[in-house]
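The values are calculated or read from the model by the stated rules, or taken from the named source; none is laboratory data. Just so we're clear, the structure is a prediction, and the values are computed from it rather than from any experiment. As a convention, Cβ positions derive from the backbone with ideal geometry for all residues, glycine included, and neighbour counts pool all protein chains shown. Only protein heavy atoms, including side chains, enter the accessible area calculation; ligands, DNA and RNA are left aside. Shrake-Rupley method; radii C 1.70, N 1.55, O 1.52, S 1.80 Å.
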Amino acid sequence: MNEVINTIKTRRSVRIYREEQIKEEELQLILEAGLWAPSGHNAQPWHITVIQDRKLIEHMSHVATQDMAQSTLQWVARMGRSGRNLFYNAPTVLIVSGKKEEDTMLSSVVDCSAAIQNILLAAESLDIGSCWIGLIRFFFAHEMEVEKLQLPAGYKPLYAVCLGYKARTNGRGPERKNGTVSYIR
């Protein structure tokens with residue numbers, strides 16, 4: 001099978017990581033893959049913040065899960081009260097931010113999502129676990145906390161990605177749903 005197709009089909013969200021930090025060379029390859037994502041009008045509206053400071057990662061998790069515990073969505077509230085680390089104790093967390101400017105916000109979220117997908121696939125190709133974290137939005141809701149991320153002016157944080165060596169091999173993913181493709185020929 002084609003290597004790219006195989007990587008796409010075998011990638012899974014990893015939620016159990018080894019403690020050791022990923023190698024710098026691997027991190028740079030993963031980041032480079034993210035930066036080569038397609039973007040509308042080649043705007044490249046992303047900024048990636050690499051966090052490997054365990055105290056900051058734990059703090060971000062704590063702030064987010066405190067708010068999650070108060071959510072009216074029961075599954076979110078349960079996760080917030082579970083006591084689990086939002087980043088599953090991954091040694092590296094990436095914050096992907098997009099430009100706020102009006103002309104790029106039309107596709108900034110989509111463009112940054114494409115960068116994240118490249119990051120996830122690059123990580124898998126290097127046998128590094130990853131997980132896309134959308135619930136980080138609970139941390140991003142605190143302007144004073146977001147300042148700790150030292151984002152460049154004009155950027156808004158959108159998502160987080162956990163990275164780390166897998167503590168165990170992921171099993172096969174769930175079957176894909178039927179009836180999700182239509183043809184007009």
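Observations on the model:
- Subset tally (residues that are loosely packed, with under 15 Cβ neighbours inside 10 Å and part of a loop (DSSP other than H, G, I, E, B)) for region 22-35: 1
- Filtered residues of region 154-175 (kept if open to solvent by 60 Å² or more (accessible area, probe 1.4 Å) and under 17 Å from Leu126 (Cα atoms)): Arg168, Thr169
- Odd one out for Glu147 among (1) under 19 Å from Ile51 (Cα atoms); (2) surrounded by fewer than 11 Cβ atoms within 10 Å (Cβ to Cβ); (3) of a type outside the set (Phe, Trp, Tyr); (4) under 18 Å from the mean Cα position of the chain (by Cα): (4)
- Applying the condition of being basic (Lys, Arg) and within 18 Å of Cys162 (Cβ to Cβ) to region 1-19 and asking which residue is most open to solvent (accessible area, probe 1.4 Å) yields Arg15.
- Residue within region 8-18 that is modelled with pLDDT of 95 or more, under 28 Å from Pro174 (Cβ atoms), out of contact with any helix residue (DSSP H, G or I) (no Cβ under 7 Å at 6 or more places or on another chain) and assigned to a helix (DSSP H, G or I) present: no
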